Amino acid sequence: MYCPNCGKKNDIDALFCENCGARLIIPASSAQPTPASAVSSAAQSTSSTAASGAPSASTSISAAPTAPGTRSAQHARQNAQPRSTSKLSWVILIVVLAVALGGGYYWLEHQRQSNSTATTTAKSSSRTATSEKAESSSSSKASASTATQTALWSTTKSSELASFMSSWQDTMNQSYEGTYDGQSVTIGELNLPSDIKNNQYQDKITVNGDTVKLKWTTAADTDAKYQVVAAATDPNASSGVITYLYVFHNGSPDVLVSQDSATATTFNFTSSQNTDLQDGFAKIANAD
């Protein structure tokens, strides 16, 4: 088949001229090649058309379309590659962000837990230290209080009590044996001061009918409720056995008396109603 534009011979089934690119038209009446005279006439006609300002062969060539299938495939391949690259970039970016956010959250949570643990430990240590300090302070105060407690009794006052009792018993027509004279006092099963010193008095002595805690002391410088500094008895009394305990009750001088018989198993003491005896002991006890 000959090109109607340039006269080039092409394959019979070609759609475009392989020389100029012009579209080849196959006549419906015949598929035979165009005669040489027709080719010459066509060539002359083409030259005449070119001289009169018709489009050049180069223009026809550039206007000739590329095969649709080939061009579409090229465009598809060119467009597909950037989209694939863009998608991969987005996937990578999302993964990196996810890892960064996860790592940041883990770090913040770890820091929060560490700070919480440190705060709890610090508070616990502070409470423990405060408690220990308070206990130590309380213990120190208690020790200091005991150590600095003013002595309410002394050997000098014990001698003065002995002199007072020697005079007072004459006015009472009685005779007393007392620890202030260096003697032990024994009434039945009760032995003073040994029973009080050895804590063997609990079943033997009551005060106002109650069991109380007694402490035998020669200085009366403790915080005991009943501090016993002396004892005396008149075993020859006509009505029972008169026994006295000279005590500091909550820091105040008091003389307790019992008139239970020597056969009693428990001796109950009450505050003496003898004002001369109470006043004499208080005067000695409160003296500087």
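With the full set of protein chains in place, find how many percent of the accessible area of region 171-288 is carbon and sulfur; take the probe as 1.4 Å.
Exposed carbon and sulfur together represent 40 percent of the surface.
One Cα centroid belongs to region 193-216, the other to region 88-103; the line between them spans 87 Å. Expressed as a fraction of 2.2 N^0.38 Å, the value expected for a compact globular protein of N residues, the C-alpha radius of gyration of region 141-288 is 1.00. Note on residue 225/residue 173: beta-carbon distance plugged into 1/(1 + (r/R0)^6) with R0 of 41 Å gives a FRET efficiency of 0.75. Quick one: Debye curve from the C-alpha atoms of region 194-281, no solvent, what's log10 I(q)/I(0) at q = 0.20 Å⁻¹? Once normalised to I(0) and log-transformed, intensities are -0.97. Spread over its residues, the convex hull of the C-alpha atoms of region 169-223 is 139 Å³ per residue. Spin-label pair residue 257-residue 12: with each label point 7 Å from Cα along the Cα-Cβ axis, the two points sit 16.6 nm from one another. On the beta carbon distance between residue 266 and residue 110, with R0 = 51 Å, the FRET formula returns roughly 0.10.
Remark: region 186-288 carries a charge dipole of roughly 180 debye about the Cα centre, counting +1 on each Lys and Arg Cβ and -1 on each Asp and Glu Cβ.
Spin-label model, residue 93 to residue 199: label points 7 Å out along the Cα-to-beta-carbon direction sit 8.6 nm apart. Ranking 259, 180, 218 by Cα position along the charge dipole of region 150-288, where only Lys, Arg, Asp and Glu carry charges on their C-beta atoms, puts 218 farthest toward the positive end.
The values are calculated or read from the model by the stated rules, or taken from the named source; none is laboratory data. Model, not experiment: these values are computed from the prediction. Reconstructed Cβ throughout: ideal geometry from the backbone, glycine too, with neighbour counts over all protein chains shown. Heads up: the accessible areas ignore ligands, DNA and RNA and are worked out on the full protein's heavy atoms, side chains in. Shrake-Rupley method; radii C 1.70, N 1.55, O 1.52, S 1.80 Å.
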